[in-house]
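A short write-up of the structure that comes next.
The values are calculated or read from the model by the stated rules, or taken from the named source; none is laboratory data. Model, not experiment: these values are computed from the prediction. FYI the Cβ positions are ideal-geometry reconstructions off the backbone, even for glycines, and counts take in every protein chain you see.
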Amino acid sequence: MKPADAPVDKSRRAFLAGSGFMVSFALFGSWRALAGETNTLGATILAPDLPGDLKIDPILDSWIKIDAQGVTVCSGKVELGTGVRTALWQIAADQLAMPLDKFKFVTADTALTPDEGYTAGSHSMADGGTAIYHAAIQVRQMLLEAAAAKLGVPTKSLMLRDGIILSGDGRQMTYEEAAQGVNLHQQAKSVSPQGDPSAYRYIGHSIPRVDIPAKVTGGTAYVQDLRLDGMLHARVVRPPNASAQLKEIDTRAIETMRGVVKVVRDGNFLAVLAEHEWEAIQAMRALRERAQWQLTQTYPTNDTIHAVLKTLPERLYVTTRENNGPVKQVLSNASAASISAPASPTRSLAMTKQYVLHGSIGPSCAVAVFRNDMLTVWTHSQGVFPLRAGIAELLGLPKENVRCIHAEGAGCYGHNGADDAACDAAVLAYRTPNRPVRVQWMRDQEAGWEPLGPAMLTEINAVTDAHGKLQSWHHALWSTPHNSRIVNAGRLIPATLLAHPAAPASPAPIPQPEGDADRNAVPLYRIPSVRVDMHFVTDMPFRTSAMRSLGAYINVTTIEGMMDDLAEQFGEDPVAYRLQHLDDPRARDVIQRAANRFGWNLATPLPEGHGIGFAFSQYKNLMGYCAIALEVKLDKAARSVRIVRVVAAVDCGQIVSPDGLTNQIEGGIVQSSSWTLYEQALVGENGVQSVDWSSYPIARFPHIPAAIEVELIDRPGAPFLGAAEIAQAPTAAALINAIKRVVGWRPLHLPVARQDSPIFA
Amino acid sequence: MINLNVNGQTQPLEVTPETPLLYALRDHLKLNGAKYGCGMGQCGACTVLVDGRPVFSCLFPVSSVGTREVRTLESLGTTERPGPLQQAFIDHQAVQCGYCIAGMIMRAQALLEQVARPTEQQIREHMAPNLCRCGTHKRILAAIRQVADKGQRLNAGALKERA
């Protein structure tokens, strides 16, 4: 699609194998990016002064292409089930002044779209949406000017209607006609023409999602639904844990099973390909029964993991904020033992979190075909470009000979098995030329081999004056990485299993202010002295990576628990106490709106077993604001906690799709309450023991909150801030705060409502 | 060779008797509706109707179907002409990733064909076998209620009329 003389060399965005994400140890007072830096989603900054992801692909026709067939808008972001595809489409439609159905919208394909790195971190609207917002209106303006010249009239005299340029004298011109002779292959400008929000037909309106009709009628909607001619069905057999070594295995009996085409063994990598899916499953089972593994390592258990985390090799990252100024982060040379907590804290609070599963309902899947030296992979990866680089490195292919195309999978909520399954498909298709190969993981493989959401410990010591006003704050936390994304081949599981394995790149955290395990560890509250010690544990007992909200989930739960406890200690209302420590008017606004709508009043008598809780955070201290108020009912006899009612107030800047935003917040509340009440991956000496929904129970319909109310605060003209992860942390925090009011003590170990929980004692 | 009556048509299939219905539907009949989720009857993504009753097709061998009618999501309507329950899911935008939704709709369809106006608790209990990871439950319940509140049982024969 891109002309051969393209001035932007996409290879410049290549990942530096083994380097991990670039971490710069500098002042973070502003988070302005520098040219050549890699952003937190793995894409390279080329034009730091442009808005959104125009920074990483500044050329207009990377985003908007116009030819005789019409207008095509391209996005490197992918639909993960959040509705972002429709929201981005809405932005393009209004800024191009075209109806939604009058142009094509293409997402995440290494051959067609800009490289926007990963679709993650609630960045899609903020970065991808902003890029399209500006690119589309700049292109529109260029078309208007070209049409004016062609028609011989002033630009201002032209009108736009439904993708047609109208002249006052009755003449009209299509965008395709206007675009003839216009060079869109040029760099975007840093300032765009002003749009007219009053003319928006899509932005700010709840447009029905474009993907839903196919999903509710059995259309081809997912990578799982792809059926290519001559396609083989593959199943992998994974080791019982990451340390296991495959001893000899006789595969002859498997190779003669009905439908089996071949068995692949390469080191610890084991797979079978068959004509039909059920045949592949039966062969996989037979193969698994014959496979003998040598276990070479024992693992920490759920009971020991938190003590173990404090003993493993680590790097210490220290973040400070003095006098409510800019946040600074340094990699410290100090030994962990030399760190001391404040001498006499007013209060201390320590919490733990267990490993959690992303727990996609559909286990990972991919389809790949190797034909005419070209490897094509259909994948539900969050990042088709980094995946392509990893696969190309592993197979020794030039990147140009690998194409990764996004096709939807089930919701992932972060880095799950998608990339690894795509790599499985790539490895198998590469060895089976001309026949498409579909790999579908089984449930136990998804549970056992997806990167886990990390187990963590947090410890906060806070100092106040005699009246409860916060003076200093020290937050220490321990965690393995929240970001083991695909920066080299070795980050792909199949690459680690081969006889000649690739080694994973060494871990590197996402730096502040976005943060990794220390995401949101710096409170937004006014505190003269803040220090966060992130004990970044580099030796992972279990592979861990990004899961919706990263460390913010437990950091905010601990911070908001501390705020509640301090309010109680000083006889303050917890909402008022928060407001006393907040200057940001938008933060104050969501808190007041949530409290008012909920009818927050601790003096209101509640039925026996009921309690209310409140919490707030601004995601990463720079994205969406979310305040949550909720009421729980705890039934000791039934050993259950139910949310009776929950109110959320959110501010994500200018709202593109009010209903889409509401849907994300509702979902975040339900998912976070499931994590907080029930979820922990069972781990034991032999590795991950959760293999299904029985050994990893999550919330079911009877557990769902009776009422969820979402109050949206729209900020027309303000930057898009992203929404998908903002409810996770405050929901958990409000839930724990409410449970504390019922039982009279603070539960410190997540999850809190499993059957053996002390809250039911 | 096994004859299966799926969505009103009886078709001969080259499958072994123990093959779970799910794979006959997806792999041999190329129907997308039923989804693989767990293979153990724990999540409901594969839910289809056999003689009007919801079953986990991932566990249900084709040999156990006999002459009974199997109905999948595809039987309820098309993208152009969605059935009433499908339309209710669109109206409420009761989807996030949507992977569980086919199973949700089929399980709800079974209830709404049997019970004219189920209560909230009846709906929640009936839907308990099906998991949603995105947290779309509230909208799924609202979509089901939209149909339930019409107070008329859904027509199990809609398929035949359509055909």
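Observations, loosely collected:
- Among the conditions (1) more than 7 Å from chain A (Cβ to nearest Cβ); (2) polar (S, T, N, Q); (3) part of a helix (DSSP H, G or I), B:Thr67 misses just one, which is (3).
- Some residue of the stretch A:135-148 being in contact with a helix residue (DSSP H, G or I) (Cβ under 6 Å, 6 or more places away or on another chain), under 19 Å from A:Tyr202 (Cβ atoms) and of a type in the set (Lys, Arg): yes
- Extreme residue, farthest from A:Thr217 (Cα to Cα), among residues of the stretch B:12-38 that are more than 8 Å from chain A (Cβ to nearest Cβ) and under 14 Å from the mean Cα position of the chain (by Cα): B:Leu21
- Number of positions in the stretch B:98-141 that are among the basic types (Lys, Arg) and at the interface with chain A (Cβ under 8 Å from one of its Cβ atoms): 4
- Residue match in the stretch A:528-545 (condition: closer than 24 Å to A:Pro326 by Cα and outside any strand (DSSP E or B)): yes
- Residue match in the stretch A:195-212 (condition: in contact with a His (Cβ under 9 Å, 6 or more places away or on another chain) and either within 14 Å of chain B (Cβ to nearest Cβ) or of a type in the set (D, E, K, R) (or both)): no
- Hey, A:Tyr222 closer than 29 Å to A:Ala87 by Cα, away from chain B (no Cβ under 14 Å) and modelled with pLDDT of 95 or more or not: no
- Residues located in the stretch B:78-94, provided they are over 11 Å from A:Ala214 (Cα atoms) and at the interface with chain A (Cβ under 7 Å from one of its Cβ atoms): B:Phe89, B:Gln93
- Here B:Ala116 passes the criteria (1) crowded, with 19+ Cβ neighbours inside 10 Å; (2) at pLDDT below 95 except the one numbered (1).
- A residue that is modelled with pLDDT of 95 or more, part of a strand (DSSP E or B) and crowded, with 20+ Cβ neighbours inside 10 Å cannot be found anywhere in the stretch A:278-289.
- Test set (1) surrounded by fewer than 14 Cβ atoms within 10 Å (Cβ to Cβ); (2) charged (D, E, K, R); (3) within 14 Å of another protein chain (Cβ to nearest Cβ); (4) free of Cβ contacts under 8 Å to residues at least 12 places away in the same chain - A:Lys215 fails condition number: (1)
- Only one entry in A:Ala392, A:Ala422, A:Ala350 is of a type in the set (A, V, I, L, M, F, W, C), more than 24 Å from A:Gly551 (Cβ to Cβ), surrounded by fewer than 24 Cβ atoms within 10 Å (Cβ to Cβ) and away from chain B (no Cβ under 14 Å), namely A:Ala392.
- Residue satisfying all of: in the stretch B:42-53; touching a residue at least 60 places away in the same chain (Cβ under 8 Å) and either within 23 Å of A:Asp692 (Cα to Cα) or surrounded by fewer than 19 Cβ atoms within 10 Å (Cβ to Cβ) (or both); farthest from the other protein chains (Cβ to nearest Cβ) among these: B:Gly52
- Test: B:Gly135 is on the phi > 0 side of the Ramachandran plot and buried (at least 17 other Cβ atoms within 10 Å of the Cβ): yes
Rundown of residues vs (1) touching a residue at least 12 places away in the same chain (Cβ under 8 Å); (2) surrounded by 20 or more Cβ atoms within 10 Å (Cβ to Cβ); (3) among the polar types (S, T, N, Q), yes/no style:
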{"site": "A:Thr301", "(1), (2), (3)": "yes, no, yes"}
{"site": "A:Leu309", "(1), (2), (3)": "yes, yes, no"}
{"site": "A:Gly325", "(1), (2), (3)": "yes, no, no"}
{"site": "A:Gln329", "(1), (2), (3)": "yes, yes, yes"}
{"site": "A:Ser344", "(1), (2), (3)": "yes, no, yes"}
{"site": "A:Leu357", "(1), (2), (3)": "yes, yes, no"}
{"site": "A:Trp378", "(1), (2), (3)": "yes, yes, no"}
{"site": "A:Phe385", "(1), (2), (3)": "yes, yes, no"}
{"site": "A:Cys404", "(1), (2), (3)": "yes, yes, no"}
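- Of the strands (runs of 3 or more DSSP E) lying entirely inside the stretch A:558-672, the ones with 3 or more residues being within 14 Å of chain B (Cβ to nearest Cβ), at pLDDT 95 or above and closer than 30 Å to A:Arg754 by Cβ are found at A:640-651.
- Among (1) on the phi > 0 side of the Ramachandran plot; (2) surrounded by fewer than 21 Cβ atoms within 10 Å (Cβ to Cβ) - the single one A:Lys620 does not satisfy: (2)
- Across the stretch A:58-78, the number of residues qualifying as of a type in the set (D, E, K, R), surrounded by fewer than 24 Cβ atoms within 10 Å (Cβ to Cβ) and either within 15 Å of the chain's Cα centre (by Cα) or not in a strand (DSSP E or B) (or both) comes to 1.
- For A:Asp196: the one exception among (1) of a type in the set (Asp, Glu); (2) touching a residue at least 24 places away in the same chain (Cβ under 8 Å); (3) within 17 Å of A:Gln138 (Cβ to Cβ): (2)
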